[in-house]
Amino acid sequence: MSLKKQATKGSMWMSITRMGMNVIDFAVYAYLARILTLEEFGLVGFCFLFIEFANTLVNAGVNQNIVQRKTWSDNYAASTMTFVFGMGVVVAACLVFIGAPIAHYSYSDVAAYVVASLAPITIVMSLQVVVTGKLLREFKNKQMGVAKFVATILSAIVIITLAEMGYGLWSLVVGKLVNAALEYIFLTYVSGFRPRFHFDREDNKELISFCLPLFWMTIMTFLHRKASNMFTGLVLGPASFALLAAAKKGELVINQITMSSINSMVVPSFSRAKEDANIGDLYIKLVAITATLVLPIFMGLAAIADPFVIVAFGDKFATSAEYMSISAFTMYPAVIAWFLPNLLISRAKTKDAFKLTLINVVSNILVAGVSIWFGIKVMLISLVINSFLLLPLRFSIVMKHIEIDIAKLVKTLLAPCVCALGMYFCVSGSKIYLDDYISNDIAMLVTLVSIGGISYPLLAFTLFYKNTLVMLKELNEMFFKKRIKH
């Protein structure tokens with residue numbers, strides 16, 4: 001099977017399984033949003049920021065190192081597992097002795113107990129790193145996805161059962177612990193890798209050399225993505241944190257299904273591209289396909305935010321709809337810049353990948369830290385503007401190593417960008433008109449989704465007929481045409 005087919009198949013399976021996982025996760029999230037108070041919901045969400053941060057530290061580029069190596073070695077994998085497991089133990093200890101006290105003084109005793117109770121997840125996640133790296137380098141995305149999907153279903157059952165028994169936010173804590181343990185067991189089984197510990201000084205030197213820039217980049221990426229949530233929780237409190245978290249949940253689910261799935265295949269596919277391959281053109285094609293698939297979904301979400309939030313989370317989260325609409329517009333610059341760090345990593349330019357991430361996170365922290373004092377709405381608008389302004393600087397760093405035809409990129413992206421924006425205005429305008437005739441939120445939601453589903457392809461074929469045919473041909477070749485054997 002060709003590399004293009006392997007990458008496409010891998011991304012498709014990743015998207016399918018992540019879709020199932022995220023649908024289940026979203027259902028559990030919506031269920032808990034209705035039975036918990038805003039303060040409880042915000043508190044547990046703030047505590048999970050500590051765990052998410054710890055898990056990103058444990059991975060810290062190790063996965064990419066395993067994927068991009070030319071050959072597989074069991075001894076090297078065992079050395080990597082020893083290295084990462086040691087990091088996991090240290091980070092988990094920091095959660096207990098540093099994170100829990102911070103949660104105690106920032107929120108309450110309950111927050112401290114939640115953080116400490118979730119610390120073992122980090123140790124389990126450290127054991128997963130080598131296993132998932134092996135599955136990714138072998139393009140076994142189907143097996144990996146199925147393993148994670150089954151773990152998600154079983155943990156969701158645990159969460160809902162405990163919640164029905166009256167355990168409140170602790171049902172989520174127990175469910176997350178169960179999910180981490182089951183994922184590790186299932187992933188180890190499907191990978192065929194026998195976990196063991198092995199120490200080799202030379203292997204550790206290679207790991208540190210490759211992963212150190214990515215370690216800092218991982219920290220920066222987390223702060224970049226979570227800056228608005230962190231400042232909201234610290235400055236405005238748990239209730240505001242809950243409203244913003246609900247607003248970003250839809251965006252997060254779509255990102256996991258689409259952007260993250262595609263991004264996970266950038267390193268394994270681009271790092272193994274032929275020497276004479278034009279990486280810049282391959283990147284443009286990747287971005288164009290992603291924009292065609294992703295932008296209408298996000299712009300549609302922005303347009304239907306009002307009924308969507310009410311139906312999904314209940315009336316107490318109504319304020320989240322406006323935040324959701326504003327945040328969706330960050331996808332215009334994001335769809336262009338999302339793959340750039342991994343593009344550099346695939347060329348082993350980890351230091352410049354770190355610089356790219358450093359610029360993103362510093363600007364986001366500064367913008368969010370200053371604008372949050374004027375309210376969540378002002379902060380989100382400022383972050384959208386900041387994302388657009390940073391694009392030229394991001395490309396100046398990447399183009400030192402990879403030549404990208406900016407004019408060709410803009411021309412290629414014109415059709416999906418214009419059509420997605422046009423669809424947004426069609427759906428938003430229809431919503432204003434339909435408010436007088438449709439009072440039921442579910443009926444309104446279904447109607448608006450139908451309007452969006454019709455208007456996007458209609459605009460694409462009306463305004464950009466030739467470009468749309470070319471893009472459909474490309475998608476058909478990627479997903480449906482089989483390779484002919486001679």
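The values are calculated or read from the model by the stated rules, or taken from the named source; none is laboratory data. Quick caveat: nothing in here was measured; it's all calculated off a predicted structure. Glycine gets a Cβ as well: all are built from the backbone with ideal geometry, and neighbour counts include every protein chain shown. Quick note on the areas: whole protein, heavy atoms, side chains included, nothing else; ligands and nucleic acids left out. Shrake-Rupley method; radii C 1.70, N 1.55, O 1.52, S 1.80 Å.
Limited to segment 138-179, what total is found for residues that are assigned to a helix (DSSP H, G or I) and among the aromatic types (Phe, Trp, Tyr)?
Total meeting the criteria: 2.
Are any of the residues in segment 332-344 in a helix (DSSP H, G or I), at pLDDT 90 or above and touching a helix residue (DSSP H, G or I) at 6+ places or on another chain (Cβ under 8 Å)?
Checked against the condition, which is being in a helix (DSSP H, G or I), at pLDDT 90 or above and touching a helix residue (DSSP H, G or I) at 6+ places or on another chain (Cβ under 8 Å), segment 332-344 yields at least one hit.
Got a number for residues in segment 460-478 being open to solvent by less than 40 Å² (accessible area, probe 1.4 Å) and at pLDDT 80 or above?
Within segment 460-478, residues that are open to solvent by less than 40 Å² (accessible area, probe 1.4 Å) and at pLDDT 80 or above number 2.
Just to be sure I understand, how many residues within segment 18-40 are part of a helix (DSSP H, G or I), open to solvent by less than 20 Å² (accessible area, probe 1.4 Å) and either free of Cβ contacts under 8 Å to residues at least 40 places away in the same chain or closer than 13 Å to ALA246 by Cβ (or both)?
Final tally of qualifying residues: 3.
Do any helices (runs of 4 or more DSSP H) lying entirely in segment 198-316 carry at least 2 residues that are modelled with pLDDT of 70 or more and buried (at least 21 other Cβ atoms within 10 Å of the Cβ), and which ones are they?
201-236, 238-257, 279-303, 305-313
What number of residues in segment 161-197 are open to solvent by less than 70 Å² (accessible area, probe 1.4 Å) and among the acidic types (Asp, Glu)?
1
I'm trying to understand the selection: among the residues of segment 139-161, which are under 19 Å from VAL174 (Cβ atoms) and small (Gly, Ala, Ser)?
Scanning segment 139-161 gives ALA151, SER155, ALA156.
For MET399, all conditions in the list (1) out of contact with any Ser or Thr (no Cβ under 6 Å at 6 or more places or on another chain); (2) at pLDDT 90 or above; (3) surrounded by fewer than 18 Cβ atoms within 10 Å (Cβ to Cβ) hold save one; what is the number of the exception?
Checking MET399 against (1) out of contact with any Ser or Thr (no Cβ under 6 Å at 6 or more places or on another chain); (2) at pLDDT 90 or above; (3) surrounded by fewer than 18 Cβ atoms within 10 Å (Cβ to Cβ), the one that fails is (2).
Any idea how many residues of segment 52-111 are assigned to a loop (DSSP other than H, G, I, E, B), modelled with pLDDT of 75 or more and within 27 Å of the chain's Cα centre (by Cα)?
So the count comes out to 0.
Can MET125 be described as open to solvent by 30 Å² or more (accessible area, probe 1.4 Å) and either touching a strand residue (DSSP E or B) at 6+ places or on another chain (Cβ under 8 Å) or outside any loop (DSSP other than H, G, I, E, B) (or both)?
Spelling it out, MET125 is indeed open to solvent by 30 Å² or more (accessible area, probe 1.4 Å) and either touching a strand residue (DSSP E or B) at 6+ places or on another chain (Cβ under 8 Å) or outside any loop (DSSP other than H, G, I, E, B) (or both).
Among the residues of segment 173-200, write down those that are small (Gly, Ala, Ser) and within 16 Å of SER126 (Cβ to Cβ).
ALA180, ALA181, SER191
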